[in-house]
1. Three principal axis extents, largest first, for the C-alpha atoms of the stretch 273-343, in Å?
2. Among TRP67, TRP174, what is the fewest-to-most ranking by other Cβ atoms within 10 Å?
3. Read phi for every residue in the stretch 302-318 and hand back ³J(HN,Hα) as whole Hz from Karplus 6.51 cos²θ - 1.76 cosθ + 1.60, θ = phi - 60°, with x for Gly and Pro.
4. Between SER281 and VAL37, 0.36 nm times their residue separation minus their Cα-Cα distance comes to what?
5. For the pair LYS187 and SER289, how long in nm is the line joining their label points, each one 7 Å along Cα→Cβ?
6. May I ask for the net charge around GLY178, where only other residues with Cβ less than 12 Å from the Cβ of GLY178 are counted and Lys, Arg are +1 while Asp, Glu are -1?
7. Once amide H atoms are built 1.01 Å from N in the peptide plane, which residues 5 or more positions from CYS71, or in another chain, come under 5 Å H to H?
8. Quick one: 3J(HN,Hα) in Hz for the stretch 192-204, Karplus 6.51/-1.76/1.60 with θ = phi - 60°, rounded, Gly and Pro as x.
Amino acid sequence: MNKILAITFCLAFSLSMPIPARAGGAPPALASADWSVNGSHNLTSNPPSLDAVQDFYDRAFGAEESWVKVCEFRFADLRNSGNLSLILTADPGGRQWPECNELDIFDKTPTGFEGHHTDGAYGHDLANSALDIDHNGRHELVLWAPLTTATAYYHSRLVSELGCDAEWPLIFAWTGNGYSEVSDQYKGYYRNYLKGLETRIAAYSSESELSGAQTADAASSVMTVHHSSGVGVFPPIITAPASASKSEAAQTPRPKDYACTRVEAAKTEAFLGINSDSTMSAAIKDSESADPNKRVLAAAIFSYLGNQEAKQDLKTLSNDADSRVSAIAKSGASTRDDPAERYSTMVPGGASFR
């Protein structure tokens with residue numbers, strides 16, 4: 001959804017600025033609630049109903065976006081201002097089952113409400129999205145972006161050949177005049193994330209486990225969904241009930257598949273500046289395999305590692321006799337801005353109450 005107008009909900013609710021409701025003239029109840037962190041009826045521990053948040057959302061964006069359904073929400077002090085922010089995911093509509101890939105933030109400020117939305121990054125599980133990563137009382141927002149999106153062809157080939165929809169976490173924080181992607185400031189988070197990936201990779205230590213995982217991936221048509229692991233006790237998360245079996249399947253986290261996990265680990269190692277002999281050795285072994293799918297995976301991993309040996313191996317694979325392998329290797333050699341830049345952007349968005 002392309003929200004191009006800055007949200008400034010001037011919710012003074014004065015007689016000079018009436019805000020019509022669908023029934024009557026009262027503003028939405030949530031807008032007039034106490035959003036302060038230390039409020040007697042704190043919204044984190046006493047959250048409103050999903051219907052109340054839906055009404056707030058509908059009134060914010062107007063009738064032209066009334067088909068959008070709120071999926072999940074939570075409150076957190078993202079600005080460290082003493083006032084809470086509402087974080088929500090929503091289904092933009094137009095699909096056979098919900099895909100809650102829109103994320104919006106509504107901030108209570110001294111002059112009213114301001115809104116921001118991501119230009120691509122999404123939240124899987126809001127309980128594990130707004131985190132106090134450094135345990136200093138400040139909240140950061142952990143969202144997700146797909147990898148291998150530098151070219152649509154590159155992404156579609158990896159998905160079709162490996163059954164792999166690899167993802168990577170991005171960290172956003174309030175920086176004074178907006179929300180910015182600040183992942184570089186939280187290397188400790190990514191070191192812990194890499195440890196989790198390495199644990200999953202170790203679970204595929206035998207050929208039988210690897211074969212079974214690849215068979216399961218090939219048979220599945222549901223995109224893998226996963227989320228970061230957070231710490232601490234989180235406030236209630238309100239989620240819209242799923243109405244169809246496909247919806248339930250699409251939103252239920254499943255174990256990560258082997259190919260995706262290795263791609264994500266390679267990306268994370270490159271981000272942290274780690275030169276892993278085990279990662280390089282495994283990719284070289286795959287590049288020499290008679291199985292073209294393993295050579296495709298090797299090409300994807302080499303493209304992230306970026307060292308001279310990996311670049312040379314990627315060049316070799318670009319001349320592979322299998323056109324699928326060579327195409328992936330050529331795409332990977334020319335595109336390494338991954339995730340794509342638009343996933344690192346959060347912009348003001350929305351429309352005023354009317």
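Bear in mind these aren't lab numbers, they're just calculated from the coordinates by the rules spelled out. None of the values given here were measured: they were computed from a predicted structure. Cβ atoms come from the backbone with ideal geometry, glycine included; neighbour counts cover every protein chain shown.
1. Here the Cα extents, ordered largest to smallest, are 35, 27, 18 Å.
2. So the residues, fewest neighbours to most, are TRP67, TRP174.
3. Using θ = phi - 60°, the values come out as 4, 5, 7, 5, x, 6, 4, 5, 5, 4, 5, 5, 5, 5, 4, 5, 5 Hz.
4. Length difference between fully extended and current span is 82.8 nm.
5. With each label point 7 Å from Cα toward Cβ, the separation is 3.2 nm.
6. -2
7. Long-range HN contacts for CYS71: THR89, ALA90, ASP91.
8. Running phi through 6.51 cos²θ - 1.76 cosθ + 1.60 with θ = phi - 60° gives 5, 4, 5, 4, x, 5, 5, 5, 5, 4, 4, 5, 9 Hz.
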